[in-house]
RNA sequence: GCCCCCAUCGUCUAGAGGCCUAGGACGCCACCCUUUCAAGGUGGAGAUCAGGGGUUCGAAUCCCCUUGGGGGCACCA
């Protein structure tokens, strides 16, 4: 039998790091065993679900390169796969039929308890320091009693009878796990009073309908698994294999949350992380190849992935390590690819008013040799080279004067450098033609070359940390370099 | 409160009884390279393998207990 796995996000928020990691592990496993990767939207929480979030999630998974084999229709494209629809709100009749079967077999029953009654039960249990559970008030209503309540206009929610006994299963990552049914919290609701089905129910009906063989999900679902198994059995379905992944954690080791960490994939994209780095980093959060190699592309991860080697313990999300990995991947991108990916970030700089014009592809390409290894993220392009794409830069006179110098020396140096650079540029303007005369100038005046270079650097860029000076001067062009030196001199005069 | 899960450097991890006086990576600190910043290279600090009992000739690795941490217990997913 071919392996079928699924990722089943709820469109109640933007694509979360945890969902992306779960999707990735499902994808890696599916591709590793040549199985099928299915996407299903669990949108039964009509209050919180939105089409915007749905689009965000789909776009994010697509951006990461996690293509699904079966999934819902999106953006005019028809649904893929034999089990459509793949959006739960479009599968209501399926759940209704399953609910009807359970009701007919008395495996489920209508519950007329009001929310107030249930809330009161919970409070009483809490006061008595007992575990919250449904007390079973409606578990054994006679047909007459049910009719009486219906006649009062009360609508029953449907509760599933959990029965008693022990539910055990062999989790692929955790091994054998057992739960006593008495600890499940009593009979649980599978269909709301308004007729809409609930998660525990739809997930089982759909996993069965879509013939899911391996349910790979977060550890937060481990305690829910016995409920699901009971439902699979009650409905006469085969129980799939389960694999519960370790949670991704906040620095304080609680489940990663928006409150304490940056969780939206969107934000990582906006901050200039590349998909290769995110995928690579996430893959290694909770699993390792067993070797010391760690920079691995998606296809290589697929080859080496083994769901049985996934760790049991949660892993703290370490942004510093992600950033390092992002740098590793940026350095591995081809010139064309990097230029394409840089483009939106350069444009964002323009929109933000931090630069005044957008460089051409050729300008960016010429810069790549000196900026590629200096970009921790794509978004750092502005900080790194933005001074090239503005008319003038603000220069802090204090930064123009190296520690060993006084203002007079700095003025002298800027003026002399201006002449030297002008002389070089009169013929051509190349990095290796600029360096010798400027070094000679430093030597002649008894200046440390580094001091002279720093003064020039600040004069033409306004900053102390830049790509190599001579390449920077070339990128700026002779005229603009000279103009900025003139301006720096004026700044010093005024200081 | 009840149930379940987990436990190697600050963090991600290697380790499936002797190869471990515990290896790698991120971060940190030095040094090298160097016009700044990076990148790269070299080296260093950093874990009595949570603690305690067993089993064994021998345990980070197996068992038990304790402690600690986490997750779940909705007419949310």
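In this structure, is residue A:74 within 16 Å of RNA strand B (Cβ to nearest atom) and either more than 26 Å from residue A:234 (Cβ to Cβ) or modelled with pLDDT of 95 or more (or both)?
Spelling it out, it is not the case that residue A:74 is within 16 Å of RNA strand B (Cβ to nearest atom) and either more than 26 Å from residue A:234 (Cβ to Cβ) or modelled with pLDDT of 95 or more (or both).
Count of region A:455-489 residues, restricted to those that are within 13 Å of RNA strand B (Cβ to nearest atom), assigned to a helix (DSSP H, G or I) and either more than 45 Å from the chain's Cα centre (by Cα) or more than 14 Å from residue A:412 (Cα to Cα) (or both), is 11. Screening A:426, A:442 for residues that are farther than 29 Å from residue A:382 by Cβ, surrounded by 14 or more Cβ atoms within 10 Å (Cβ to Cβ) and in contact with a helix residue (DSSP H, G or I) (Cβ under 9 Å, 6 or more places away or on another chain) leaves exactly one candidate, A:442.
Checked against the criterion of being away from RNA strand B (no atom under 16 Å from the Cβ), loosely packed, with under 14 Cβ neighbours inside 10 Å and not in a helix (DSSP H, G or I), the candidates A:293, A:362, A:356, A:347 yield just one match: A:356.
Scanning region A:259-286 for residues that are touching a residue at least 24 places away in the same chain (Cβ under 8 Å) and assigned to a loop (DSSP other than H, G, I, E, B) returns A:261, A:262, A:263, A:271, A:272, A:273, A:274, A:285, A:286.
Of the candidates A:368, A:342, A:378, A:338, the single residue that is surrounded by fewer than 19 Cβ atoms within 10 Å (Cβ to Cβ) and either farther than 15 Å from residue A:481 by Cβ or touching a strand residue (DSSP E or B) at 6+ places or on another chain (Cβ under 6 Å) (or both) is A:368. Within region A:323-340, the set of residues being outside any helix (DSSP H, G or I) and either within 25 Å of residue A:262 (Cβ to Cβ) or touching a residue at least 24 places away in the same chain (Cβ under 8 Å) (or both) comprises A:333 only. Examine region A:110-117 for a residue that is more than 8 Å from RNA strand B (Cβ to nearest atom), in contact with a strand residue (DSSP E or B) (Cβ under 9 Å, 6 or more places away or on another chain) and either touching a residue at least 60 places away in the same chain (Cβ under 8 Å) or closer than 18 Å to residue A:227 by Cβ (or both), and state whether such a residue exists. No.
Does region A:20-38 hold any residues that are surrounded by fewer than 22 Cβ atoms within 10 Å (Cβ to Cβ) and under 15 Å from the mean Cα position of the chain (by Cα), and which are they?
A:22
Filtering A:203, A:177, A:173 for residues that are within 36 Å of the chain's Cα centre (by Cα) and part of a strand (DSSP E or B) leaves a single hit, A:177. Restricting attention to region A:394-415, the residues being farther than 17 Å from residue A:480 by Cβ and buried (at least 19 other Cβ atoms within 10 Å of the Cβ) number 7. Residues in region A:136-161 that are more than 11 Å from RNA strand B (Cβ to nearest atom) and in a loop (DSSP other than H, G, I, E, B): A:136, A:139, A:140, A:141, A:142, A:152, A:153, A:161.
Restricting attention to region A:325-335, the residues that are surrounded by 14 or more Cβ atoms within 10 Å (Cβ to Cβ) and either out of contact with any helix residue (DSSP H, G or I) (no Cβ under 6 Å at 6 or more places or on another chain) or more than 17 Å from residue A:384 (Cα to Cα) (or both) add up to 7. Considering only region A:461-479, I want to know if a residue exists there that is loosely packed, with under 14 Cβ neighbours inside 10 Å and farther than 30 Å from residue A:372 by Cα. Checked region A:461-479: no residue is loosely packed, with under 14 Cβ neighbours inside 10 Å and farther than 30 Å from residue A:372 by Cα. Candidates in region A:39-56 are the residues that are assigned to a loop (DSSP other than H, G, I, E, B) and near RNA strand B (Cβ under 9 Å from one of its atoms); of these, the one that is surrounded by the fewest Cβ atoms within 10 Å (Cβ to Cβ) is A:47. When you check residue A:300 against the structure, is it near RNA strand B (Cβ under 9 Å from one of its atoms) and more than 19 Å from the chain's Cα centre (by Cα), yes or no? No; evaluated as a whole, the condition is false for this residue. Checking A:99, A:23 one by one, the residue that is more than 23 Å from residue A:255 (Cβ to Cβ), modelled with pLDDT of 95 or more, touching a strand residue (DSSP E or B) at 6+ places or on another chain (Cβ under 9 Å) and part of a helix (DSSP H, G or I) is A:99 and no other.
Conditions tested, residue by residue: (1) touching a helix residue (DSSP H, G or I) at 6+ places or on another chain (Cβ under 8 Å); (2) modelled with pLDDT under 95; (3) surrounded by fewer than 21 Cβ atoms within 10 Å (Cβ to Cβ); (4) within 16 Å of residue A:22 (Cα to Cα).
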{"position": "A:201", "(1), (2), (3), (4)": "yes, no, no, no"}
{"position": "A:215", "(1), (2), (3), (4)": "yes, no, no, yes"}
{"position": "A:219", "(1), (2), (3), (4)": "no, no, yes, yes"}
{"position": "A:237", "(1), (2), (3), (4)": "yes, no, yes, no"}
{"position": "A:250", "(1), (2), (3), (4)": "no, no, yes, no"}
{"position": "A:267", "(1), (2), (3), (4)": "no, no, yes, no"}
{"position": "A:284", "(1), (2), (3), (4)": "no, no, yes, yes"}
{"position": "A:300", "(1), (2), (3), (4)": "no, no, yes, no"}
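The values are calculated or read from the model by the stated rules, or taken from the named source; none is laboratory data. Since we're looking at a predicted model, the values are computed, not measured. Note that each Cβ is placed from the backbone with ideal geometry, even for glycine, and that neighbours are counted across all protein chains shown.
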